[in-house]
Each structure stands twice: as structure tokens, then as C-alpha cells.
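For reference, the structure discussed in these notes is given below.
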Amino acid sequence: MNSSGKLLVFVDLPDGSLTETGKGLLTYSARLATTLGIKWGVVTAITPDEEQIKCFGAYGTPEITCLHNAEKLLDTPALLGKTVALLADQQSASVVLFPHNDLGASLAPVVAIERDAAIMTELITVRTSSDGIRLSRRVLGNRMAESKIWDRVKSLVITVPPRSLSQVLFATVKSTSPILTSWYPSTAPTGATTTITSRIPADPQTVDLMEADVIFSAGKGCNPTTFAQLQELCRLLNVSFGVTRPVWDMGWTGFERMIGQTGRTVTPRLYLALGISGSMHHIGGIKDSRRLVAVNSDAKAPIFPNTDEGFVADLNEMLPKLVERVRSKVGGSQ
């Protein structure tokens with residue numbers, strides 16, 4: 001396999017629209033194709049409308065291949081994966097990229113098996129080196145990094161965690177008018193497969209904090225009363241709840257809620273730190289949050305220089321008012 005190959009990117013379109021993950025995937029794909037020195041294109045199971053095609057173009061997408069009548073295959077990932085593999089073969093794709101979500105994580109191994117390809121999931125970095133392409137990811141709860149070399153002999157299938165994607169549209173990206181084509185295999189894929197009968201959204205109250213979208217976290221600045229109020233606030237807003245090491249040490253919650261370098265390393269869209277001073281241990285576990293907001297009664301708390309927004313306030317005064325206001329908006333406690 002050489003640099004004359006292609007990067008084929010699977011983009012899901014829930015409700016027919018590009019999501020934050022989809023936009024981030026387009027930004028990532030353009031950079032990855034440049035690193036690998038190959039062209040790239042998108043494959044979708046749903047045909048985008050004119051507005052969405054313009055959105056693809058804004059992110060520099062050169063071409064979009066729509067799998068004909070493939071929307072029904074979204075409930076049979078094995079057959080959809082085989083279809084994507086056939087397209088990848090026809091387009092001589094050297095790399096196939098998926099987001100590491102429920103759908104992408106199901107499709108990636110199917111495509112790898114069908115193409116006898118190498119596979120690397122939850123990819124974080126890609127670098128060129130003298131002996132090939134160095135692929136790295138985090139393992140053991142993000143405590144260690146694992147690297148492998150792709151020598152381009154086999155094709156490659158990769159997944160990228162949505163939390164590591166950014167939908168920021170860089171000024172250097174040149175908008176395009178994507179070429180839109182419809183494709184279907186000459187022979188429809190067959191074989192035993194499972195069928196998805198329903199989809200249950202993740203519960204923010206129980207989801208692994210490493211996958212949480214919004215997290216409100218309690219530090220030692222919380223007392224039992226404000227701690228209970230924060231938990232109620234999380235239930236009212238249906239967001240995830242975390243704590244620092246000192247709070248976990250006090251036995252107020254389980255280890256799975258502890259955030260920091262010896263707990264969970266998180267990358268939410270929003271992280272709200274309440275009563276958290278900002279030790280290096282904790283900052284190391286939250287530094288990759290997209291937006292970090294802190295509230296602390298100490299104006300000199302070490303956490304403030306690491307935040308996007310910081311507020312000096314007494315939680316004993318602020319939290320009861322905030323809970324009451326939210327409760328009135330959502331119609332009572334849950």
C-alpha cells in the first residue's frame with residue numbers, strides 16, 4: 001500500500017443532519033489525509049439534502065458517496081459494514097475511518113475482517129516516522145499510551161473517539177462543492193447478523209464519566225448540604241456527577257465518580273467545578289475538557305488560571321438559589 005491510496009470516512013447523519021461528531025470527523029479527516037499524503041472522501045448511509053451538502057463543503061469535503069437504500073442497514077451493522085468494505089475495495093481505500101461511537105465501533109471490526117485489514121481503535125495521534133506511520137492511543141483507563149507502526153502493507157481501519165474531535169472550522173480550510181454520487185454493490189451482502197430493535201440513550205447519571213458530555217463536579221469546598229444540592233442539580237438537569245479525590249476519600253460516593261489522574265480522565269463538552277481548589281492531580285484529569293467553568297469562594301484558588309470562566313462565590317448561598325431556579329424551570333424535583 002502506498003500514498004496513492006485513499007482515506008474513506010464514514011459519517012453518520014442522525015435525522016439527516018451533520019452532528020458535532022460528524023463535523024469534527026471532517027476536520028480530522030482533512031488533517032489526516034494531509035499527514036498520510038492521500039486524497040479523502042466521505043461515505044454516508046443517508047443521502048444528505050442540499051443544506052447538508054453545503055455544510056460538508058464548508059469543511060472542505062471533496063466528495064460524498066451515498067450508499068443506495070442503505071438507511072435500513074443502520075439496524076443491521078454487520079451488513080452495513082460489509083457494504084462499506086465493498087465500497088472501500090472498489091475505491092481502493094487504504095484507510096477507512098469511523099467515529100468511535102456505538103455505530104462506528106460496530107462497523108470497524110466488520111470492515112477490518114472483510115478486507116483482511118489492520119485495525120486500531122480509539123486513535124489519538126498519527127505521526128510519520130522513518131519506519132512507517134506511528135499510531136497511538138490511550139489504554140488502561142487513559143493511564144498509558146500504546147503505539148503501533150502501520151507499514152502500509154495492509155489496508156487500515158481506524159476509529160477516533162468523538163471526545164477528541166473538534167468541529168472548529170479553521171480559516172485555512174477551503175470550502176468545496178462536494179461531488180455527490182450514489183453507489184450500491186453489484187451483489188448485496190448476506191450472512192447471519194443481529195438486528196437492532198431499539199436504541200436506549202445513555203443515562204448521564206450512570207454513564208461512565210469518560211463518555212459523559214456534561215459533568216458537574218464537587219470538591220472539598222462542598223459540605224454535606226451543598227453536596228446533596230449539587231446531586232439534585234445534576235438530576236434536574238440530567239447531567240453527570242463527579243467528585244475530587246478528597247471527596248471520594250470521605251466516602252460520599254463511589255470510586256467510579258472520582259475524577260483525576262488516579263481516577264477518571266474526562267473530556268466533556270462542559271465541566272463545572274464547584275468548590276474545587278485545583279490540585280495538579282485533578283487538573284490533569286480535566287484539562288482536555290472543551291469548556292471548563294469553576295466556582296470557588298477563594299479568589300486565589302489554583303483552578304482559576306486553568307478555566308475558561310471562573311466565579312468567586314459562596315456555594316452555601318449560590319447552590320440553593322440555583323437549585324430552586326432550575327427546579328422551577330423543569331417543574332419540580334425528579
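The values are calculated or read from the model by the stated rules, or taken from the named source; none is laboratory data. Note that the structure is a prediction, hence the values are computed from the model and not measured. All Cβ positions, even for glycine, are placed from backbone atoms using ideal geometry, and neighbour counts span all protein chains on display.
The number of residues in the range 241-274 that are touching a Gly at 6+ places or on another chain (Cβ under 8 Å), at pLDDT 95 or above and among the small types (Gly, Ala, Ser) comes to 1.
Hey, any hits in the range 13-26 for a residue that's over 18 Å from GLN90 (Cβ atoms), buried (at least 20 other Cβ atoms within 10 Å of the Cβ) and among the small types (Gly, Ala, Ser)? The answer is yes, given that some residue of the range 13-26 is over 18 Å from GLN90 (Cβ atoms), buried (at least 20 other Cβ atoms within 10 Å of the Cβ) and among the small types (Gly, Ala, Ser). Close Cβ contacts (under 6 Å, 6 or more residues apart or on different chains) running from residues in the range 193-207 that are exposed (fewer than 12 other Cβ atoms within 10 Å of the Cβ) to residues that are at pLDDT 85 or above comprise THR195/ASP75; THR195/THR76.
Taking the residues in the range 106-134 that are small (Gly, Ala, Ser) and surrounded by fewer than 16 Cβ atoms within 10 Å (Cβ to Cβ) as candidates, determine which candidate is farthest from SER166 (Cα to Cα). Write out each step before concluding.
Step one: filter the range 106-134 for residues small (Gly, Ala, Ser), giving 106, 108, 112, 117-118, 129-130, 132.
Filter once more, so that each one left must be surrounded by fewer than 16 Cβ atoms within 10 Å (Cβ to Cβ): 129-130, 132.
On the way: SER129: 25, SER130: 29, GLY132: 26 Å.
Filtering first and then ranking leaves SER130.
In the list GLY22, GLY37, GLY16, which residue meets the criterion of being modelled with pLDDT under 95, farther than 12 Å from PRO62 by Cβ and under 15 Å from the mean Cα position of the chain (by Cα)? Only one candidate passes the filter, namely GLY22. Taking the listed residues LEU140, LEU135, LEU169, the one that is in the same structural domain as LEU32 (by TED's automatic domain parsing) and touching a helix residue (DSSP H, G or I) at 6+ places or on another chain (Cβ under 7 Å) is LEU169, with no other qualifying. Only a single item in (1) in a helix (DSSP H, G or I); (2) within 28 Å of VAL173 (Cβ to Cβ); (3) touching a residue at least 24 places away in the same chain (Cβ under 8 Å) is not met by LYS82, and it is number (2).
Grab the strands (runs of 3 or more DSSP E) fully contained in the range 263-312, keeping just those with 1 or more residues being closer than 16 Å to VAL247 by Cβ, assigned by TED's automatic domain parsing to the domain that holds GLY219 and not acidic (Asp, Glu). It would help to see each step written out before you state the result.
Details: elements: 270-274, 292-296, 309-312.
Correct list: 270-274, 292-296.
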